[in-house]
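Only one structure is covered here, and it is reproduced in the block below.
The values are calculated or read from the model by the stated rules, or taken from the named source; none is laboratory data. In this text the structure is predicted, and so the values were computed from the model without any measurement. With ideal geometry, Cβ positions are generated from the backbone for all residues, glycine too; neighbour counts draw on all protein chains shown.
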Amino acid sequence: MTSALEARGLGKTYVGGDGQLLEILSGLDLTVQRGEFIAIVGASGAGKSTLLHLLGALDHPTSGTVSLDGTDYGQADPAELAAIRNRKLGFVFQFHHLLREFSALENVMFPLLIAGVPDAVARDKARRLLTQVGLEERLSHRPNQLSGGEQQRVAVARALVNDPVVVLADEPSGNLDHHNSERLHDLFGQLASEFGSAVVVVTHNRMLASRADRVLSLEDGRLVDHPLLEAAS
(Lines give C-alpha, C1' and ligand atoms only; values in the text may rest on other atoms or scores of the structure.)
Protein backbone atom coordinates (compact mmCIF):
# COMPACT_ATOMS: atom_id res chain seq x y z
CA MET A 1 0.00 0.00 0.00
CA THR A 2 1.38 3.41 -1.00
CA SER A 3 1.99 5.81 1.90
CA ALA A 4 0.22 9.14 1.81
CA LEU A 5 3.49 11.01 2.39
CA GLU A 6 7.07 9.77 2.55
CA ALA A 7 10.41 11.51 3.07
CA ARG A 8 13.69 9.64 2.72
CA GLY A 9 17.15 10.94 3.61
CA LEU A 10 15.82 14.50 3.63
CA GLY A 11 18.41 17.23 4.11
CA LYS A 12 18.32 21.01 3.96
CA THR A 13 21.36 23.28 4.16
CA TYR A 14 21.50 27.07 3.96
CA VAL A 15 24.39 29.46 3.55
CA GLY A 16 24.62 31.64 6.66
CA GLY A 17 25.35 35.34 6.75
CA ASP A 18 29.02 34.56 7.41
CA GLY A 19 29.18 32.35 4.33
CA GLN A 20 29.29 29.14 6.38
CA LEU A 21 26.94 26.25 5.64
CA LEU A 22 24.10 25.80 8.14
CA GLU A 23 22.59 22.33 8.18
CA ILE A 24 18.94 22.40 9.27
CA LEU A 25 17.81 18.86 8.37
CA SER A 26 20.04 15.82 7.93
CA GLY A 27 19.07 12.35 6.71
CA LEU A 28 15.49 12.75 7.93
CA ASP A 29 12.97 9.95 7.29
CA LEU A 30 9.20 10.15 7.69
CA THR A 31 6.29 7.96 6.59
CA VAL A 32 2.68 9.05 7.05
CA GLN A 33 -0.25 6.77 6.26
CA ARG A 34 -3.72 7.84 5.16
CA GLY A 35 -5.94 8.61 8.11
CA GLU A 36 -2.96 9.16 10.43
CA PHE A 37 -2.49 12.26 12.59
CA ILE A 38 1.14 13.10 13.37
CA ALA A 39 2.36 15.96 15.56
CA ILE A 40 5.91 17.26 15.21
CA VAL A 41 7.41 19.08 18.19
CA GLY A 42 10.82 20.55 18.92
CA ALA A 43 12.68 23.61 20.06
CA SER A 44 12.30 26.93 18.27
CA GLY A 45 14.75 27.08 15.39
CA ALA A 46 14.98 23.28 15.11
CA GLY A 47 13.69 23.37 11.54
CA LYS A 48 10.04 22.35 11.97
CA SER A 49 8.65 24.96 9.56
CA THR A 50 11.45 24.19 7.09
CA LEU A 51 10.42 20.54 7.19
CA LEU A 52 6.76 21.41 6.63
CA HIS A 53 7.69 23.54 3.60
CA LEU A 54 9.63 20.64 2.10
CA LEU A 55 6.75 18.21 2.74
CA GLY A 56 4.37 20.68 1.10
CA ALA A 57 6.49 21.22 -2.04
CA LEU A 58 6.96 24.88 -1.07
CA ASP A 59 10.75 24.49 -0.99
CA HIS A 60 13.35 22.10 -2.40
CA PRO A 61 15.56 19.83 -0.27
CA THR A 62 19.32 19.92 -0.55
CA SER A 63 19.29 16.13 -0.50
CA GLY A 64 16.82 13.28 -0.22
CA THR A 65 13.32 12.79 -1.60
CA VAL A 66 9.70 13.55 -0.75
CA SER A 67 6.83 11.57 -2.30
CA LEU A 68 3.13 12.32 -2.04
CA ASP A 69 0.70 9.53 -2.91
CA GLY A 70 3.52 7.79 -4.80
CA THR A 71 4.66 10.85 -6.77
CA ASP A 72 8.27 11.96 -6.20
CA TYR A 73 8.46 15.76 -6.01
CA GLY A 74 11.95 15.66 -7.51
CA GLN A 75 10.58 14.15 -10.71
CA ALA A 76 7.88 16.81 -11.12
CA ASP A 77 8.25 20.07 -13.05
CA PRO A 78 7.01 23.39 -11.57
CA ALA A 79 3.57 23.07 -13.19
CA GLU A 80 3.16 19.55 -11.81
CA LEU A 81 4.23 20.69 -8.34
CA ALA A 82 1.67 23.50 -8.46
CA ALA A 83 -1.01 20.97 -9.39
CA ILE A 84 0.06 18.71 -6.50
CA ARG A 85 -0.19 21.59 -4.03
CA ASN A 86 -3.60 22.63 -5.34
CA ARG A 87 -5.19 19.19 -5.62
CA LYS A 88 -3.53 16.89 -3.11
CA LEU A 89 -2.36 19.12 -0.26
CA GLY A 90 -4.21 21.27 2.22
CA PHE A 91 -2.41 23.97 4.22
CA VAL A 92 -3.34 25.59 7.54
CA PHE A 93 -0.95 28.22 8.89
CA GLN A 94 -0.78 30.19 12.13
CA PHE A 95 -1.93 33.20 10.12
CA HIS A 96 -4.94 31.99 8.17
CA HIS A 97 -4.32 34.07 4.99
CA LEU A 98 -8.02 34.46 4.17
CA LEU A 99 -8.98 36.82 1.36
CA ARG A 100 -10.46 39.73 3.28
CA GLU A 101 -12.68 41.04 0.48
CA PHE A 102 -14.51 37.70 0.21
CA SER A 103 -17.00 35.95 2.48
CA ALA A 104 -16.24 32.76 4.39
CA LEU A 105 -18.15 30.79 1.75
CA GLU A 106 -16.24 32.41 -1.11
CA ASN A 107 -12.88 31.81 0.61
CA VAL A 108 -13.60 28.10 0.84
CA MET A 109 -14.94 27.95 -2.73
CA PHE A 110 -11.84 29.61 -4.17
CA PRO A 111 -9.56 26.54 -4.55
CA LEU A 112 -12.34 24.66 -6.33
CA LEU A 113 -12.99 27.53 -8.71
CA ILE A 114 -9.28 27.69 -9.54
CA ALA A 115 -9.43 23.96 -10.32
CA GLY A 116 -12.29 24.57 -12.77
CA VAL A 117 -15.13 23.20 -10.65
CA PRO A 118 -18.52 24.74 -11.61
CA ASP A 119 -19.70 27.52 -9.31
CA ALA A 120 -22.80 25.67 -8.08
CA VAL A 121 -20.82 22.55 -7.19
CA ALA A 122 -18.10 24.58 -5.44
CA ARG A 123 -20.70 26.57 -3.51
CA ASP A 124 -22.50 23.44 -2.30
CA LYS A 125 -19.31 21.72 -1.15
CA ALA A 126 -18.00 24.84 0.60
CA ARG A 127 -21.33 25.24 2.40
CA ARG A 128 -21.25 21.62 3.58
CA LEU A 129 -17.68 21.91 4.89
CA LEU A 130 -18.38 25.16 6.72
CA THR A 131 -21.39 23.50 8.30
CA GLN A 132 -19.19 20.59 9.42
CA VAL A 133 -16.80 23.00 11.18
CA GLY A 134 -19.70 24.77 12.92
CA LEU A 135 -19.96 27.91 10.79
CA GLU A 136 -23.29 27.38 9.06
CA GLU A 137 -24.51 30.72 10.44
CA ARG A 138 -21.42 32.64 9.25
CA LEU A 139 -21.30 31.80 5.54
CA SER A 140 -21.73 35.38 4.32
CA HIS A 141 -19.42 36.98 6.87
CA ARG A 142 -16.11 38.43 5.78
CA PRO A 143 -12.95 37.67 7.78
CA ASN A 144 -13.08 40.98 9.70
CA GLN A 145 -16.55 39.98 10.92
CA LEU A 146 -15.31 36.65 12.32
CA SER A 147 -13.41 35.86 15.51
CA GLY A 148 -9.87 34.49 15.28
CA GLY A 149 -11.13 30.99 16.01
CA GLU A 150 -13.83 31.26 13.35
CA GLN A 151 -11.31 32.51 10.80
CA GLN A 152 -9.06 29.54 11.52
CA ARG A 153 -11.97 27.13 11.09
CA VAL A 154 -12.65 28.74 7.69
CA ALA A 155 -9.00 28.08 6.86
CA VAL A 156 -9.42 24.42 7.85
CA ALA A 157 -12.51 24.09 5.66
CA ARG A 158 -10.59 25.67 2.78
CA ALA A 159 -7.73 23.20 3.31
CA LEU A 160 -10.19 20.28 3.07
CA VAL A 161 -12.22 21.44 0.10
CA ASN A 162 -10.13 19.64 -2.54
CA ASP A 163 -10.19 16.33 -0.60
CA PRO A 164 -6.41 16.46 0.00
CA VAL A 165 -4.27 13.41 0.55
CA VAL A 166 -2.41 15.30 3.29
CA VAL A 167 -3.22 18.33 5.44
CA LEU A 168 -0.15 20.23 6.70
CA ALA A 169 -0.55 22.68 9.58
CA ASP A 170 2.04 25.03 11.10
CA GLU A 171 1.16 26.19 14.65
CA PRO A 172 -2.56 26.37 13.74
CA SER A 173 -3.66 27.48 17.21
CA GLY A 174 -0.70 29.76 17.89
CA ASN A 175 -2.73 32.98 17.81
CA LEU A 176 -5.89 31.73 19.53
CA ASP A 177 -7.14 31.98 23.10
CA HIS A 178 -7.68 28.86 25.18
CA HIS A 179 -11.36 28.37 24.27
CA ASN A 180 -10.83 28.74 20.53
CA SER A 181 -7.66 26.63 20.69
CA GLU A 182 -9.59 23.79 22.29
CA ARG A 183 -12.29 23.93 19.65
CA LEU A 184 -9.68 23.89 16.89
CA HIS A 185 -7.85 21.00 18.56
CA ASP A 186 -11.10 19.02 18.62
CA LEU A 187 -11.46 19.69 14.90
CA PHE A 188 -7.92 18.52 14.12
CA GLY A 189 -8.57 15.40 16.14
CA GLN A 190 -11.43 14.61 13.75
CA LEU A 191 -9.68 15.38 10.47
CA ALA A 192 -7.78 12.14 9.96
CA SER A 193 -10.55 9.82 11.16
CA GLU A 194 -13.56 11.56 9.61
CA PHE A 195 -12.09 13.04 6.43
CA GLY A 196 -9.52 10.32 5.71
CA SER A 197 -6.67 12.73 5.06
CA ALA A 198 -3.26 12.26 6.63
CA VAL A 199 -2.56 15.16 8.98
CA VAL A 200 0.88 16.52 9.92
CA VAL A 201 0.90 19.33 12.46
CA VAL A 202 3.91 21.31 13.68
CA THR A 203 3.11 22.66 17.14
CA HIS A 204 4.42 23.82 20.49
CA ASN A 205 1.00 23.19 22.02
CA ARG A 206 0.99 20.15 24.32
CA MET A 207 -2.80 19.85 24.19
CA LEU A 208 -2.84 19.62 20.40
CA ALA A 209 0.11 17.20 20.30
CA SER A 210 -1.67 14.94 22.78
CA ARG A 211 -4.48 14.39 20.22
CA ALA A 212 -2.09 12.89 17.65
CA ASP A 213 -1.63 9.20 16.84
CA ARG A 214 2.14 9.74 16.94
CA VAL A 215 4.29 12.53 18.32
CA LEU A 216 7.73 13.03 16.76
CA SER A 217 10.44 15.36 17.99
CA LEU A 218 12.78 17.15 15.58
CA GLU A 219 16.24 16.94 17.13
CA ASP A 220 19.61 17.54 15.44
CA GLY A 221 17.98 17.58 12.03
CA ARG A 222 16.16 14.25 12.39
CA LEU A 223 12.84 12.98 13.70
CA VAL A 224 12.76 10.73 16.75
CA ASP A 225 9.81 9.13 18.50
CA HIS A 226 8.42 11.13 21.37
CA PRO A 227 6.07 9.68 24.02
CA LEU A 228 2.51 10.83 23.52
CA LEU A 229 2.16 13.97 25.57
CA GLU A 230 -0.32 14.06 28.40
CA ALA A 231 -2.95 16.76 28.22
CA ALA A 232 -2.06 19.71 30.37
CA SER A 233 -4.13 19.94 33.51
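Listing for the model above:
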| read-out | value |
| --- | --- |
| Positions within the range 194-207 being more than 21 Å from His226 (Cβ to Cβ), touching a residue at least 12 places away in the same chain (Cβ under 8 Å) and either in a strand (DSSP E or B) or more than 11 Å from the chain's Cα centre (by Cα) (or both), in sequence order | Phe195, Gly196 |
| Candidates Thr50, Thr31, filtered to the one that is out of contact with any helix residue (DSSP H, G or I) (no Cβ under 6 Å at 6 or more places or on another chain), more than 14 Å from Val199 (Cα to Cα), hydroxyl-bearing (Ser, Thr, Tyr) and at pLDDT 90 or above | Thr50 |
| Pairs, first over 21 Å from Ile114 (Cβ atoms) in the range 63-88, second among the acidic types (Asp, Glu), C-beta under 7 Å, six or more apart | Thr65/Asp72; Ser67/Glu6 |
| Matching residues, the range 5-23, being surrounded by 19 or more Cβ atoms within 10 Å (Cβ to Cβ) and either touching a helix residue (DSSP H, G or I) at 6+ places or on another chain (Cβ under 9 Å) or farther than 23 Å from Arg87 by Cα (or both) | Leu5, Ala7, Leu10, Lys12 |
| Qualifying residue in the range 114-126 (condition: in contact (Cβ under 8 Å) with a residue 40 or more places away in the chain, more than 15 Å from Ala212 (Cβ to Cβ) and crowded, with 17+ Cβ neighbours inside 10 Å) | no |
| Residues being assigned to a strand (DSSP E or B) and either over 16 Å from Val224 (Cα atoms) or among the hydrophobic types (A, V, I, L, M, F, W, C) (or both) - total across the range 1-46 | 20 |
| For Arg123: the one exception among (1) more than 25 Å from Glu182 (Cβ to Cβ); (2) under 21 Å from the mean Cα position of the chain (by Cα); (3) in a helix (DSSP H, G or I); (4) not β-branched (Val, Ile, Thr) | (2) |
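Residue-wise test of (1) surrounded by 20 or more Cβ atoms within 10 Å (Cβ to Cβ); (2) out of contact with any Phe, Trp or Tyr (no Cβ under 7 Å at 6 or more places or on another chain).
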position	(1), (2)
Gly148	no, yes
Val154	yes, yes
Leu168	yes, no
Gly196	no, yes
Leu218	yes, yes
Gly221	no, yes
